[in-house]
Protein chains: 2
Amino acid sequence: MRPPTLLDLAKELNLSTSTISRALTRPGVVRPATRERILAAIEKIGFSPNGVARSLRKRETKTIGIIVPDITNWFFGVIVRAISGAVGPHAYMMVVFDANEDPEAEAKALQSLRERQVSGIIRCPVGGENKSWEAAIASGTPVIELDRCSGLRNVDTVLIDDDQAGRIAAECLIALGHRRIGTIAGPQHLSNARGRLRGFLKALSKASITLAPELIEYGDFRESSGYIGAERLMSLRARPTAIFIANSEMTGGAIAAIRELKIRIPKDLSLIGFDDARWARYLDPPLTTISHPTPELGRCAAELLLDRLTKVKSHRKSRVIKFEPELIVRGSTAPLRITKQSRR
Amino acid sequence: MRPPTLLDLAKELNLSTSTISRALTRPGVVRPATRERILAAIEKIGFSPNGVARSLRKRETKTIGIIVPDITNWFFGVIVRAISGAVGPHAYMMVVFDANEDPEAEAKALQSLRERQVSGIIRCPVGGENKSWEAAIASGTPVIELDRCSGLRNVDTVLIDDDQAGRIAAECLIALGHRRIGTIAGPQHLSNARGRLRGFLKALSKASITLAPELIEYGDFRESSGYIGAERLMSLRARPTAIFIANSEMTGGAIAAIRELKIRIPKDLSLIGFDDARWARYLDPPLTTISHPTPELGRCAAELLLDRLTKVKSHRKSRVIKFEPELIVRGSTAPLRITKQSRR
DNA sequence: TTGTAGGCGTTATCAC
DNA sequence: GTGATAACGCCTACAA
């Protein structure tokens, strides 16, 4: 029942535990013959070293913690998979927390991760206190922030150039002749949501377009808020002729609402979404969207972390890596049609 | 740098480590006054117990392992989230492996999980050897299988009634008048793929419809195989007028292919998908699909595991829980139109 | 090349 | 109610 330990093996073989331990960790140091004998016995009785004991002794768990806001969101699924693929070969395992966009849940996750002595943490901040994070970093746990930045110091950060993303979206719609443009922005306590909105507004104002405040809806990055946002935008007296939506979940919700309202895309409304989720291409018309190399983001975060884990802990300056977004033009955007409504 | 330990606290307070430990784990047993003092000190120096040491001593890691075939698949995202939500309140954490539908990767994941002494494992089998799983179970690690079953003994299993699912899909299409019906089945080494196909074929044959072999395409549950499968089905001399597809990823691929071929749904082709992924409702027409209570599946698996973890290890008989699928009729299915092609 | 001894930080079992 | 002591299973000086 209780799995065999080094001591069991040692008795079996009339050797000391140290020799067996060495045979496993530094093969060169033990005589080939004994090594063979040990390996055979291990095979026979099915021994595998107790990782918990090893972690305690070496003060190193070979575990990295990941906190994402919503694992059912395609974006974070891809991120987790990419991180997993990047750290696996280095024998790290991954403990995952789904914070459900809730700062309290994220705080609890951090606490668990610290108690479990994880080697490092990759987080996509959902907001909330920075204090316990500062403590974690001060105590030597490297932290990488991904997709969003909390303002914490001494963390490496992997971001999308969100200002750029917002700008590209706006410029595309402007070029198509749209002037009354709406947006469903993300929650403004998150840096990525702020960036996307900021870039978007900046580009509009550069084109001398001023946005009526009611053309900005603030969602929470969840599907339902996209649905509500779209409903409200489309029930405006002066409806927008184009909308930019700041993430994929809200885009989905908006599409559902727009379908129910029998508004035709792109004839009545042009739409630019965010994140090139797989289903963007299944839509009819397929979705024009702001895309970014999602798996690269995850891989990059993993590599930054591995780097901090491997290298001697010199006080490296913290790095910020930004990935450039790209507009993928598909069928949901079209030149402005002049109608009674849109001319006003 | 090195986090404070019980011993540090003990010196600080002129107490023994035992007392402090007790104050944390069985508050009732220590004098309120000393307890206060301890709590204050803990607060002050920011102590948190070392979970690794605790795990070693208690031989219990409070960690559960989860192996899924593809975390970017909506279905498994929802499963992971549901499990996380169910075990979190019991202070378990979750280590996640993405096996990428690869039996070797799954085997490695199992090995890591065992070395890390996880308390239990929830797996969605991807095929491959059962032997190391038997060893794991024999050594006392409870295992739950989810969505697929490998034939392993002494595991609890949570499934969808796949035969039923296939049957419902077929019956729906038959009732709509379709006779030349195709399917994109999953890989037949997986029990769920087999069940879905079996139920489907059975219902057809019950209606005296025999399926030409070329109307069955075998995919691998990934998007691209759905794309290819649909392409092949639709390039058949005698095209099917309806298709049933055995999971959501392949359904997406198929839809992309069908769009490119300019085949109209449901006018030219009726489609029934599987898994009611969020995007099924975004499509135009929205997707008719076989749905099931996905989060319930995850929660159920978690509860079965918690049950085995909590209860004394009596030799409980292993349980199989099947959830009933449900047909959600939306716009991608329609009565058969009599055309030259479909009459032949 | 191998064995001995000590410790990683916690909890359980005894005494007191 | 509190303290001393001995594990939990492994790794690593150091000694042989």
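Quick one: label points 7 angstrom along Cα→Cβ at residue A:175, distances to the other copies in nm, smallest first?
Copy-to-copy label distances for residue A:175: 5.0 nm.
Let me confirm one metric for peptide A:69-77, namely the mean number of other chain beta-carbon atoms within 10 Å of its residues' beta-carbons.
5
Which values, in whole Å and largest first, are the semi-axes of the equivalent ellipsoid of chain A obtained as the square root of 5 times each eigenvalue of the Cα gyration tensor?
The answer is 52, 19, 16 Å, longest axis first.
Mind checking which lysines have their C-alpha under 22 Å from residue B:11, skipping anything on the same chain fewer than 8 residues away?
B:44
Check the straight Cα-Cα distances from residue B:202 and name the aspartates and glutamates below 14 Å, setting aside those fewer than 8 residues away within the same chain.
B:162, B:163, B:171
To make sure I understand the rule: partners must be lysines, Cα under 24 Å from the Cα of residue B:267, and not fewer than 8 residues away in the same chain. Which ones qualify?
A:262, A:267, B:340
Springs between alpha-carbon pairs under 10 angstrom, Gaussian network model over chain B: which of B:302, B:99, B:40 fluctuates most?
B:40
Extending each Cα 7 Å along its Cβ direction at residue A:48 and residue B:131, get the distance between those two points in nm, one decimal.
1.4
Can you tell me what share of the DSSP beta bridges in chain A is antiparallel? A percent to the nearest 5 is fine.
Antiparallel bridges: around 10 percent, rounded to the nearest 5.
Ordered shortest first, which distances in nm separate the 7 Å Cα→C-beta label point of residue B:131 from those of the other copies?
5.6
Can you tell me the dipole magnitude for chain B around its Cα centre, using point charges on the Cβ only (Lys, Arg +1; Asp, Glu -1), in Debye to the nearest 20?
Here chain B has a charge dipole of around 620 debye.
Report the B-A buried area as the accessible area lost on both sides summed, probe 1.4 Å, in Å² to the nearest 100.
4700
At 222 nm, what value in deg cm²/dmol follows for the protein assembly as shown if DSSP H runs of at least 4 each add -39500 (n - 2.57) and the sum is divided by all its residues, to the nearest 500?
After summing the helix terms and dividing by the residues of the protein assembly as shown, the value is -13500 deg cm²/dmol.
Given a cut-off of 26 Å, name the pairs among A:58/A:322; A:62/B:58; B:131/B:317; B:62/B:311 whose C-alpha atoms lie farther apart than that in the structure shown.
Checking Cα-Cα distances, A:58/A:322 exceed 26 Å.
Report the trypsin sites (Lys or Arg not before Pro) located in the range A:233-268 that are in a DSSP loop and have at most 12 other Cβ atoms inside 10 Å of their Cβ, or state none.
Sparse-neighbourhood loop trypsin sites (Lys or Arg not before Pro): A:237, A:262, A:264, A:267.
Report, in debye and to the nearest 20, how large the dipole of the protein assembly as shown comes out about its Cα centre when Lys and Arg carry +1 and Asp and Glu carry -1 on their Cβ.
That gives a dipole near 420 debye.
Out of every Cα-Cα pair in the protein assembly as shown, what percent are more than 33 Å apart?
Tail of the P(r) past 33 Å holds 56 percent of the pairs.
State the extension gain, in nm to one decimal, for the chain segment bounded by residue A:12 and residue A:138, taking 0.36 nm per residue of separation less the distance between their alpha-carbons.
Stretched out fully, the residue A:12 to residue A:138 stretch lengthens by 40.8 nm.
Pick from B:129, B:326, B:36: which is most flexible by mean-square fluctuation in a GNM of chain B where alpha carbon atoms under 10 Å apart are linked?
Largest GNM mean-square fluctuation: B:36.
Just to confirm the filter: which trypsin sites (Lys or Arg not before Pro) across the range A:133-178 are DSSP coil and have at most 11 other Cβ within 10 angstrom of their Cβ?
Passing sites in the range A:133-178 are A:153.
In the protein assembly as shown, what % of DSSP beta bridges are antiparallel (nearest 5)?
Of those bridges, close to 10 percent are antiparallel.
Pick out, in residue order, every one of the trypsin sites (Lys or Arg not before Pro) in the range B:58-103 that is DSSP loop and has at most 16 other C-beta atoms within 10 Å; say none if there are none.
Listed in order of number, the matching sites are B:59.
Using a Gaussian network model on chain A with a 10 Å cutoff between Cα atoms, which of A:15, A:305, A:110 fluctuates the most?
A:15
Any idea what the residue A:153 label distances to the other copies are, label 7 Å down the Cα→Cβ vector, nm, shortest first?
Those label-point separations list as 6.3 nm.
Please compute the contact order of the range B:106-155 in relative form: average sequence separation of alpha-carbon pairs under 8 Å and at least six residues apart, divided by the residue count, as a percent.
41
Measuring from the lowest to the highest alpha carbon on each principal axis, how far does the range B:75-146 reach, largest first, in angstroms?
32, 26, 17
For the range B:255-300, take N as its residue count and report Rg(C-alpha) divided by 2.2 N^0.38 Å.
Relative to the rule-of-thumb radius for its length, the range B:255-300 sits at 1.38.
How many percent of DSSP beta bridges within the range A:186-344 run antiparallel, rounded to 5?
Percent antiparallel among DSSP bridges in the range A:186-344 is about 35.
Whole-Å semi-axes of the range B:6-58's equivalent ellipsoid, largest first, each the root of 5 times a Cα gyration tensor eigenvalue?
Taking √(5λ) for each Cα gyration eigenvalue gives 17, 13, 10 Å.
Within the set of other residues whose C-beta is less than 13 Å from the C-beta of residue A:319, count the net charge using Lys and Arg as +1 and Asp and Glu as -1.
Summing Lys/Arg as +1 and Asp/Glu as -1 gives +2.
Assuming R0 = 51 Å, can you tell me the calculated FRET efficiency for the pair residue A:284 and residue A:91, based on Cβ-Cβ distance, to the nearest 0.05?
Calculated value: 0.65.
Whole Å is fine, so just give me how far the alpha carbon centre of the range B:218-273 lies from that of the range B:94-168.
Here the answer is 30 Å between Cα centres.
Report the relative contact order of chain A, percent, no decimals, based on alpha-carbon pairs under 8 angstrom and at least 6 residues apart.
16
The values are calculated or read from the model by the stated rules, or taken from the named source; none is laboratory data. This one's a predicted model, so the numbers in the text were calculated from it and none came from an experiment. Ideal geometry is used to build each Cβ from the backbone, glycine not excepted, and the neighbour counts take in all protein chains shown. Surface accessibility is based on the protein's heavy atoms, side chains included, excluding ligands, DNA and RNA. Shrake-Rupley method; radii C 1.70, N 1.55, O 1.52, S 1.80 Å.
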